[in-house]
1. Amide H neighbours of CYS195 under 5 Å, at least 5 residues apart or on other chains, H built in the peptide plane: list them.
2. Calculate how steeply helix 477-493 sits against the longest principal axis of the alpha-carbon atoms of the chain, using the helix alpha-carbon long axis, and give the answer as 0 to 90 degrees to the nearest 10.
3. Which of rounded, prolate, oblate describes the range 289-446, given a ≥ b ≥ c as roots of the alpha-carbon gyration tensor eigenvalues and a/c under 1.5 marking rounded, otherwise prolate only if a/b is larger than b/c?
4. Using the Cβ atoms and a cut-off under 13 Å, what net charge is assigned to the surroundings of ALA199, where Lys and Arg are +1 and Asp and Glu are -1?
5. Cα centroid distance between the range 416-484 and the range 1-78, in Å?
6. About the Cα centre, and with charges only on the beta carbon of Lys, Arg (+1) and Asp, Glu (-1), how big is the dipole of the chain? Nearest 20 debye, please.
7. Quick one: Cα centre-to-centre distance for the range 102-129 and the range 347-377, in angstrom?
8. Leaving out ligands, DNA and RNA, what percent of the accessible area of the chain is carbon and sulfur, probe 1.4 Å?
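The values are calculated or read from the model by the stated rules, or taken from the named source; none is laboratory data. Model, not experiment: these values are computed from the prediction. Glycine gets a Cβ as well: all are built from the backbone with ideal geometry, and neighbour counts include every protein chain shown. Ligands, DNA and RNA are stripped out before the accessible areas are found, and what is left, the full protein with its side chains, is counted by its heavy atoms. Shrake-Rupley method; radii C 1.70, N 1.55, O 1.52, S 1.80 Å.
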Amino acid sequence: MNSASYDAVVIGSGFGGAGAAHALCAAGLRTLLLERGGWPCRDDQDWNQRAILIDKRYQSASPLLVRQYGSSDFEPLYPNETLGGMSVFYGGASLRLRETDFARWPLSYAELEPYYTRAEQLLGVHGRAGEDPCEPPRSAAYPQAPPELSPPARRIRDAAQSLGYRPFPIPLALNFSDPARPRCILCNTCDGFPCKLEAKNDLAATLLREAQAQGLEIAAGAIAARLVRQGGRISAVEGLDKTTRKPFAISARLFVLAGGALASPALLLRSGLGGPLVGRFLMRHCNGVVAGIFPFATNPEQVFHKQLCLADFYEDHRAQHGTATGVIQDIYTPAPQVIRHFAPLGLKRIAGLVAGHMQNLLCIAEDEPLPDNQVTLSAQRDVFGLELVQVQHRYTRADCARRDYLAARARQVLRAAGALLFKTYRIDSFSHAVGSVRFGTSPETSALDPHCRLWQTENLFVVDGSFMPSSGGVNPSLTIAANALRVGEYLANNFTSI
Ligand SMILES: Cc1cc2nc3c(=O)[nH]c(=O)nc-3n(C[C@H](O)[C@H](O)[C@H](O)COP(=O)(O)OP(=O)(O)OC[C@H]3O[C@@H](n4cnc5c(N)ncnc54)[C@H](O)[C@@H]3O)c2cc1C
Ligand code: SF4
């Protein structure tokens, strides 16, 4: 791979990269995918809470430098990396944005709908239409029905219904039904962990494998360092092998960048590409977790229960703020040793003791795109000699108000389920990062055109979560996958003229 030429090179193997690579390979284009992470291990340690959450066996060697919550300091934050991107660690929640979320987008829900349907099919989403109170119209049923609710999820359903809310099953990209693949055993180490059985429909187990069968070449452990521009076109990507540090340069007709909403703008900036809007308008949702403490063990069988969603409040702030409010979802409780590890000094023992009596609800609130919420490059370099990615972010008062509004309703549901005490945590990670290379109708207000092409660069397309001009109020992965399939189809159909 030291130097080679392809029809298309895709950088990054998350929902954006895998979706685009799948569409390009289906059209017969000779495609290479570069991914800095290695293949997921799929061994016992992948379900070991210490190995994944404390020792962080997938941790990248390149930290992000993050300044948030009004702090004056940049703190190092180490993301995970692996083939399949964050899909390997994600919880599988696969929701569509609502029609109202597209008000500031250069395309409508109706235009993206066929690709949502395709993404649900490729990812094997298990869901049930007709119960989500603000569900957008669909052209096809979900590929599979959801599994039965487990006891902790039933507890939340009953409590929410007693309050007059309409909880519905989270559409999930886990394999509960296909006998040709390993099936989910409803373990309690899903969200945040790779599935050692390969029953999670992550991208390494699904789209990338299918694309490989259609000719996709995958270079795992290959770091793209910069794109080389000649005239109005990208001629090559330069990088290095993570293990041997051997450099490479690869030329292609098309380049698809999908390194995620933090790495993609950094790669563009490192390459001198994109102008003043690249890196700006970063969003991440304004998320919080409400923990309820119950007078009984909440999940003695340690079973999977990220199964319920509440969207009753989705439109409550639309008129006042012009955004969605967001959703509430059931999520798992980490093991006592993890809760103890991350609890503040002095509270470690008690936190470990109450872990088995906790049940948590995740509140996902839409956040606003601010120009100063930004990805830039640091003067510091990583072990590969590349400038570190620097992230600065703050929430608006309205972002926090929407999150707190959801948190109040989450507490109400947990109280109706029997919880006596409550603790609310904010989420400090950038797990839902989007928006830093937004698409739009004009280079004055966006970095990408409506086909996700970098303005003024004929053959470079950005398809990870960074294309999104607003974050909406649901988990982002299905939208990123649908858009990547849309752009991939456009590239395949127009390959000779791009
Ligand atoms: C614990 C967790 C749980 C989540 N749960 C859900 C959920 O239930 N539902 C949902 O919708 N969303 C969920 N998310 C969010 C979701 O996973 C992300 O929104 C989504 O994966 C983003 O896709 P992406 O293609 O933009 O980027 P990523 O998935 O981040 O993929 C980018 C890839 O590019 C690679 N890369 C970056 N730079 C380079 C480079 N220079 N050279 C080569 N490769 C590079 C990275 O290693 C990575 O593999 C979760 C996230 C986390 C962390
Ligand atoms: S819940 Fe199912 S898909 Fe998730 S990690 Fe466990 S077995 Fe795998």
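1. LYS200
2. The angle comes out near 20 degrees.
3. oblate
4. +1
5. Answer, in whole Å: 17.
6. Roughly 820 debye for the chain.
7. 27 Å
8. Solvent-exposed carbon and sulfur of the chain make up 51 percent of the total.
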